[in-house]
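To start, the structure under review is shown below, and the notes come after it.
The values are calculated or read from the model by the stated rules, or taken from the named source; none is laboratory data. The shown structure was predicted, so the numbers you read here are calculated from the model rather than taken from an experiment. Ideal geometry is used to build each Cβ from the backbone, glycine not excepted, and the neighbour counts take in all protein chains shown.
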Amino acid sequence: MSELTQFVVGFQKSLRIEMETMRSQMRSFEFPLFNGRAQNPALGEITDRYNYQFSHTGSTDKLNPDQEYTLRHEGCEYLIRVTAVNVDALQLQCAEQIRINAKGHTLVIDPWFLYEKLLDALTSLSPEQNIDNALRLFGRLPTTPLNLSPQLDHGELNESQQRAIALCCQKNPTLVWGPPGTGKTRTLGALLAELLHQGKRILVTSTTNAAVDQALGQLSEHPVGRTFYDRHLVVRLGQSVHSAPETALQEVVAALGSKSRDRLEAIEDRLVYLNKAIHIARDVLDLLERALTESQLNLFAESIPTPRIIPSLRSIFSPRRGSQLSTLPPELLVLKISTRLQRLIRLRKLYGARGQTEKLAQRKKEQQAFSEARLVYSTLANTYLHPLMRDAYFDVVIVEEASMAVLPTLFYSACMAKEQVIIVGDPKQLPPIVQSRDVYVQKALGRCIFSIAAPKPLSAENVALLDTQYRMHPTIGHLISQLFYNGSLQSATTEQTHGEQTEKAPFPGHPLVLIDTQGKTQCDHRGHHSRGNELSAQCCVELVRTALKDDLHSVGVITPYVEQSRLTRDLLRREGLLGKSIECSTVHRFQGREKDLVILDLVDTAPFPPGKLLADQTADSNAARFLNVSLSRARGKLVIIADCGYFLQRIPQSALGLFLTRAIQVGMVTTPENILRGFS
């Protein structure tokens, strides 16, 4: 069995086990749609396909064009294909007519959908492809020298950031280790400018659209990178919301002089009218013909309903012509409508053919723009879902936030690299999310790529550590450095850097505060394997209220449990405190984010044992990663709500136990009585 086959078979086995677990434990994701309207049937397939547009207000991270999903409403269910994903609208295609006037249109997405597609993508890999770089990344081949040097001046970067760029020019694969706040995205922007200057064609990919957008925005601010934007050589596949909208594929095509999109929209608008007119004409003909037949057979039948059909006649013809025709005898009116109907059908066929021609021209322009692009941004899912990515190759493949990516997607994307793979991430932060507890699945899907490509990252020859953080107050930064990075993480910040944030309430002048609940709160089971603690949630609400009163508006509330985050959000919403700058969630939604004030609610109390996400005693555990990400979201102030005695007694040698011990020594310790009146 070849090495490629071993990887593919192993990944597919683990994916199938994970999918079965997901089916048994998880519900489908529902994506609400509204304001539906029918468009023309699919261009070139007028007789048996129908197009629709629906508005939405949700995140499109889980949606991909040219993929099939289920659409439900009022007991009906349709198999649809998403043909386009936009910021506020979706284009759908269906073999059946969808009742757009019905209520509750919802797109249903199975959580395991992407894994189904990934299974197929892995099957498509063949030994004829250049898989050496994937094998190097996964430790089956040695690191190779590139013997290049940076050509641009990167004097705006610190020493460790410059070393990272130099190493990326010297080794394949290279891993850039970016702890929180160390300018990982800024370094990536400079690296992209360097590689573009060297003439490389690059793919930048990540697990989420948000991470892709961050990398996209950073390069646009670099003077060398900006020139590639201006020449329309940067393409963003998928939906970009927050940065560089000019890099969206359709915008690049339009900037290159293609008018196909405008012509397509005009044709589609015309086809919408033609379809509506044809539908009305058929209904009116049916009504008139039935009325004529009944009047001929029954002397007492209703009179011909000519006045009632005047609005329809105005739609089929023109307002003036429709009014004129309404005065004709019914027999002659039927003849006029029949003639008009045949003309409308011929026009629809003609416009459909024109639309198909324009659509083919648009696709050719998109393929050209993609092929000529020197830099392509895409989510990891789109590397195996997007049609343009089929058989696509790049000189360099860069994976951002790689620590959270499942290994099969990294292997697949690495196979797209002709020369080099660069991994950017932090092995001390959150690993991939895996539902199954199967040992095989945990090994094949649940591990971070650093554990395979560089098990000892501090001493590995192809790992560059960014060692200076610019985000956190030095008190917080020093604790994180000692606990998670063996003291290697330095702080460029000072007490003055975050003075304005630290001096605000709650607890003015204190960057690190422990609210020790001392056995006074009660934890209970909520939902499936989740917990809640109502009094600690109330404590979070009061802290947010106090911060807002002192104009500290950037606040994140983090908790280990989904049900606790839901409870706290409900309380915040009820008090009118929840908003764009005030967020509450589990830690996974906060990775890559930062807030002036972070409140970490640890929830657990007796008689329950500490939750698995907190209790793991090993130094490199998921519990340690959870804690690292939670703490390092804070810029100026960090407040922990915890029953300190409970944790220090139950798990003293865990990352959390060690953190609480040190935090008690260097931070302020208080009790809930200072937060809640009547706390008991």
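Here is how the numbers come out for the structure above:
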{"read-out": "Single match in GLY592, GLY576, GLY527 (criterion: without any contact (Cβ under 8 Å) to a residue 12 or more places away in the chain and at positive phi)", "value": "GLY576"}
{"read-out": "Elements of type strands (runs of 3 or more DSSP E) contained in the stretch 477-557, each with 3 or more residues being outside the structural domain of GLU159 (by TED's automatic domain parsing) and under 22 Å from ALA624 (Cβ atoms)", "value": "512-516"}
{"read-out": "Candidates GLU77, GLU68, GLU45 - the one that is touching a Lys or Arg at 6+ places or on another chain (Cβ under 6 Å) and either more than 29 Å from ALA210 (Cα to Cα) or at pLDDT 80 or above (or both)", "value": "GLU68"}
{"read-out": "Total residues in the stretch 96-140, condition assigned to a helix (DSSP H, G or I), touching a Pro at 6+ places or on another chain (Cβ under 9 Å) and small (Gly, Ala, Ser)", "value": "1"}
{"read-out": "Those residues of the stretch 365-411 which are over 22 Å from VAL82 (Cβ atoms), in a helix (DSSP H, G or I) and out of contact with any Lys or Arg (no Cβ under 8 Å at 6 or more places or on another chain), in sequence order", "value": "GLN368, SER371, GLU372, ALA402, SER403, MET404, PRO408, LEU410, PHE411"}
{"read-out": "Residue list for the stretch 334-367, filter: closer than 30 Å to VAL397 by Cα and touching a residue at least 24 places away in the same chain (Cβ under 8 Å)", "value": "ALA361, GLN362, LYS365, GLU366"}
{"read-out": "Hits in the stretch 415-463 (condition: surrounded by fewer than 16 Cβ atoms within 10 Å (Cβ to Cβ), of a type outside the set (S, T, N, Q) and assigned to a loop (DSSP other than H, G, I, E, B))", "value": "ILE433, ARG437, PRO455, LYS456, LEU458, GLU461"}
{"read-out": "Pick from the stretch 25-42, criterion among the small types (Gly, Ala, Ser) and more than 26 Å from TYR384 (Cα to Cα), ranking: modelled with the lowest pLDDT", "value": "ALA38"}
{"read-out": "Residue match in the stretch 285-295 (condition: over 29 Å from ARG37 (Cβ atoms), at pLDDT below 85 and among the small types (Gly, Ala, Ser))", "value": "yes"}
{"read-out": "Selection count where residues are within 19 Å of THR357 (Cα to Cα), touching a residue at least 60 places away in the same chain (Cβ under 8 Å) and not β-branched (Val, Ile, Thr), scope the stretch 262-279", "value": "6"}
{"read-out": "Criterion: within 23 Å of PHE11 (Cβ to Cβ), surrounded by 14 or more Cβ atoms within 10 Å (Cβ to Cβ) and more than 32 Å from the chain's Cα centre (by Cα) - qualifying residue of LEU141, LEU175, LEU137", "value": "LEU141"}
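A quick yes/no check of all residues on (1) crowded, with 17+ Cβ neighbours inside 10 Å; (2) over 27 Å from the mean Cα position of the chain (by Cα):
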residue: GLY75; (1), (2): no, yes
residue: TYR78; (1), (2): yes, no
residue: ASN86; (1), (2): no, no
residue: ASN101; (1), (2): no, yes
residue: GLY104; (1), (2): no, no
residue: LEU107; (1), (2): yes, no
residue: PRO111; (1), (2): no, no
residue: LEU125; (1), (2): yes, no
residue: ASN133; (1), (2): yes, no
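To keep it simple, each residue is scored yes or no on (1) among the hydroxyl-bearing types (Ser, Thr, Tyr); (2) touching a Lys or Arg at 6+ places or on another chain (Cβ under 9 Å); (3) modelled with pLDDT of 95 or more.
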{"site": "LEU543", "(1), (2), (3)": "no, no, yes"}
{"site": "ASP551", "(1), (2), (3)": "no, yes, no"}
{"site": "VAL557", "(1), (2), (3)": "no, yes, yes"}
{"site": "PRO560", "(1), (2), (3)": "no, yes, no"}
{"site": "THR568", "(1), (2), (3)": "yes, no, yes"}
{"site": "ARG573", "(1), (2), (3)": "no, no, no"}
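Conditions (1) within 26 Å of GLN129 (Cα to Cα); (2) of a type in the set (Val, Ile, Thr); (3) not assigned by TED's automatic domain parsing to the domain that holds LEU192, marked per residue:
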site: THR379; (1), (2), (3): yes, yes, no
site: PRO432; (1), (2), (3): no, no, no
site: LYS443; (1), (2), (3): yes, no, no
site: ALA454; (1), (2), (3): yes, no, no
site: PRO457; (1), (2), (3): no, no, no
